[in-house]
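Following: one structure in structure tokens, then a few remarks.
The values are calculated or read from the model by the stated rules, or taken from the named source; none is laboratory data. Predicted, not measured: the structure shown is a model, and the values here were computed from it. Ideal geometry is used to build each Cβ from the backbone, glycine not excepted, and the neighbour counts take in all protein chains shown. The accessibility values were calculated without ligands, DNA or RNA, using every heavy atom of the protein model including side chains. Shrake-Rupley method; radii C 1.70, N 1.55, O 1.52, S 1.80 Å.
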Amino acid sequence: MTTSDPDRDGEDTLAAQMPIAIGDQAPGLPAGCELGAPSVVVFHAPHWDPTSIEQARRYAGVSARLAGEPAVAPALVRNDSELAATFGVSGYSAVFVLDAEGRVSWRHVTGLESLSLPVVAAEAVLEDDEGVTLRRSGWTRREFIATALGTAIALALEPTIARTQTLAPTASPRVFAPGEPQPVTLMVNGKRIALTLEPRVTLLDALREYAGLTGSKKGCDHGQCGACTVHIDGRRVLSCLTLAVMARGKPITTIEGLAATAGGGSEALHPMQRAFIEHDGFQCGYCTSGQIMSAVAVLREPWGSSDDDVREAMSGNICRCGAYPGIVAAVQDVRNARG
């Protein structure tokens, strides 16, 4: 019997799917992008809310007006699309800046490389101390605007993307001082996420504030409401009471990846999610992700099958709207459907 090495599996995935590099010709252009002008292509997860880049758009618009150039509008493409596969970024959040000829002039792929902040892009096109030579010859003002927009969107794509880095093997393990941020690799929803975290960062904060997975909610932050429930090794845990470093290397499932555990695609719902909808198992919805994650785990745990057993098993998840009858009905519906 062989066992799977998550780190090795992640490396194999990257080896099989390498994003197109800077200088490569783009294999295709999304709708709205044409040759003859720089363009920005953003590959995002299906659940990502693109309204979060509105500030980036405004920033780019101001930069364009100051430079006397037309603004560059980003093209938004889902990372489960055929175009994402041709760019080599299926399943990854990524930003590509293409020049007027359709070649990659700048890129950032989440989890594969550290982010070059806008100032780094700016240094590439600023004149030297004597004001004579561009540090990267051939850049136009509009290409600079496109690159600045690309870096701004990369920052918006995941709020703390600058703290994400690729982990490289070292000859000898580094000893970190107490409290010093250190590399932490988490296996979340089947994907390897490399972060730099202080040891005191909770799994909930790592998921929400560092990895950009905001489905797990922070209700009380004291382990009393259950809104932050996720699965680690198939068991439900309160992520607000779990340190992220304690979960390194272990399979973590959040509400964003729950459907995949039932064999569903990116647009599918887990049977428990459908049951909550059919039985009105929520009102405001804030506790719902934690309720659903807990309910799925309950059906794997050795509880009785009565409504009272469900209420007892789910007692750690609080619904301040009082949708408990619908929650119990949803759990029982999924139980009965399984036979």
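Label points 7 Å out from Cα along the Cβ direction at Arg235 and Thr185: separation in nm? In this crude label model, Arg235 to Thr185 measures out at 2.4 nm. Here region 73-113 is scanned for amide nitrogen atoms under 12 Å from the site 7 Å beyond the Cα of Gln25 along Cα-to-Cβ, giving 101-104. Test of the criteria: in region 183-219, which trypsin sites (Lys or Arg not before Pro) are in a DSSP loop and have at most 11 other Cβ atoms within 10 angstrom of their Cβ? In loop regions of region 183-219 (DSSP not H, G, I, E or B), the sparsely surrounded trypsin sites (Lys or Arg not before Pro) are Arg200. The residues of region 174-300 expose, per residue, 45 Å² of accessible area to a 1.4 Å probe. FRET efficiency for the pair Met18 and Leu76, taken as 1/(1 + (r/R0)^6) with r the Cβ-Cβ distance and R0 = 25 Å, rounds to 0.65.
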